[in-house]
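**Q** The structure follows.
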Amino acid sequence: MQQRFNFAKAAPDAYKAVAALEQYVQSSGLERRFIHLIKLRASQINGCAYCVDMHVKEARHDGLSEQWINLMCVWRESPVYDARERALLGWVDSVTSIAKTGAPDADYETLKAHFSEEEMTKITVAIGAINVWNRLAVGFRSQHPLDAVAKAA
């Protein structure tokens, strides 16, 4: 796979607009673990290797456990996530795949049981922001950096 072009250079104003939305998300008051959860889960759903690589590294850097990070792609099958995280994961799944799901009432009600209307709005904006990044990165084939290859013991 090869990068198609650098979208940030091609349209700097568009990139700045998305970056401004990202800055809002980062300063919105949402818990860091929730931001990591939103970014990583949506990126998994969207098949964005660039963003999955970045957000795994950021979550690890912020002290989230390897188990918490690694099991996110199978979150429904793992008890590692608490009730708030599970409600949020369900909403991320629903909103990221909104054309298929229609954001069902059950997912909304589960989210509503754990978050205020203000938090739900900020969460949904954060989901929208990472979906924009994913579409740019996947659409234009952004390439994640390659880490040094570890040799098996």
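The values are calculated or read from the model by the stated rules, or taken from the named source; none is laboratory data. Because the structure is a prediction, the values reported are computed rather than measured. Cβ sites come from the backbone with ideal geometry, for glycine too, and all protein chains shown count toward neighbours. The area values use the complete protein model at the heavy-atom level, side chains included, leaving out ligands, DNA and RNA. Shrake-Rupley method; radii C 1.70, N 1.55, O 1.52, S 1.80 Å.
**Q** Using a 1.4 angstrom probe and counting only protein chains, how large is the accessible area of His144 in Å², to 10?
**A** Rounded to the nearest 10, that gives 60 Å².
**Q** Could I ask something else about it? For the pairs Lys57/Lys112; Lys39/Lys112; Lys39/Lys100, flag any whose C-alpha to C-alpha distance is greater than 27 Å.
**A** Details: Lys57/Lys112 30 Å; Lys39/Lys112 20 Å; Lys39/Lys100 20 Å.
Too far apart for the 27 Å limit: Lys57/Lys112.
**Q** To continue, here is another question. Tell me the label only: which of (1) 15.4; (2) 16.4; (3) 15.9 is Kirkwood radius over Cα pairs in Å as calculated from this structure?
**A** It is the value labelled (2).
**Q** Ordering Met1, Met54, Met72 by how much accessible area each has at a 1.4 Å probe, largest first, what is the list?
**A** On the way: Met1 170, Met54 65, Met72 0 Å².
Order by accessible area, largest first: Met1, Met54, Met72.
**Q** On to the next question. Could you do me a favour and compute the accessible area per residue for the chain, 1.4 Å probe, result in Å²?
**A** On the way: 8830 Å² over 153 residues.
Averaged over the residues of the chain, the accessible area is 58 Å².
**Q** Determine which aspartates and glutamates satisfy two conditions relative to Lys16: a Cα distance under 16 Å, and not lying fewer than 8 residues away in the same chain.
**A** Within reach: none.
**Q** Check which residues have an amide H placed less than 5 Å from Ser78's amide H, if you skip close sequence neighbours.
**A** For Ser78, whose amide H was placed from the backbone, there are no distant partners under 5 Å.
**Q** Would you work out which of Met120, Leu64, Tyr108 lies farthest towards the positive end of the dipole of segment 47-127, given +1 charges on the beta-carbon of Lys and Arg and -1 on that of Asp and Glu, about the Cα centre?
**A** The residue sitting farthest along the positive end of the dipole is Leu64.
**Q** Pop the C-beta distance of Asp147 and Ala103 into the FRET formula with R0 = 35 Å and round what comes out to the nearest 0.05.
**A** On the way: r = 36 Å, r/R0 = 1.04.
E(calc), rounded to 0.05, equals 0.45.
**Q** Which residues in segment 31-57 place their backbone N less than 17 Å from a point set 7 Å from the Cα of Tyr15 along the Cα-to-Cβ direction?
**A** 50-51
**Q** List the GluC sites (Glu not before Pro) in segment 15-100 that DSSP assigns to loop (not H, G, I, E or B) and whose Cβ has at most 13 other Cβ atoms within 10 Å. Which are they?
**A** On the way: sites: Glu22, Glu31, Glu58, Glu66, Glu77, Glu85; in loops: Glu31.
Sparse-neighbourhood loop GluC sites (Glu not before Pro): Glu31.
**Q** How large, in percent, is the carbon and sulfur part of the accessible surface of the chain at a probe radius of 1.4 Å?
**A** Working: 5040 of 8830 Å².
Solvent-exposed carbon and sulfur of the chain make up 57 percent of the total.
**Q** About its Cα centre, how strong a charge dipole does segment 1-82 have in debye, to the nearest 20, once Lys and Arg get +1 and Asp and Glu get -1 at the Cβ? Spell out each step's value before the answer.
**A** Details: 10 positive and 9 negative charges, 49 e Å.
Computed charge dipole of segment 1-82: roughly 240 debye.
**Q** May I ask you to list, by number, the DSSP H helices of the chain whose Cα span along the axis is at least 24 Å and whose average Kyte-Doolittle hydropathy reaches -1.0 or more?
**A** Values: long enough: 117-139 (32 Å, 0.36).
What comes out of the filter, once short or polar helices are dropped, is 117-139.
**Q** Here is a further query. Tell me which trypsin sites (Lys or Arg not before Pro) from segment 73-112 have a DSSP coil assignment and no more than 13 other beta carbons within 10 Å of their own. The partial results should precede the final answer.
**A** Numbers: sites: Arg76, Arg84, Arg86, Lys100, Lys112; in loops: none.
Sparse-neighbourhood loop trypsin sites (Lys or Arg not before Pro): none present.
**Q** Using a simple charge model, +1 on the beta-carbon of Lys and Arg, -1 on the beta-carbon of Asp and Glu, nothing else, what dipole does segment 45-153 show about its Cα centre, in debye to the nearest 20? Don't jump to the answer; show the numbers that get you there.
**A** Values: 11 positive and 15 negative charges, 91 e Å.
That gives segment 45-153 a dipole magnitude of about 440 debye.
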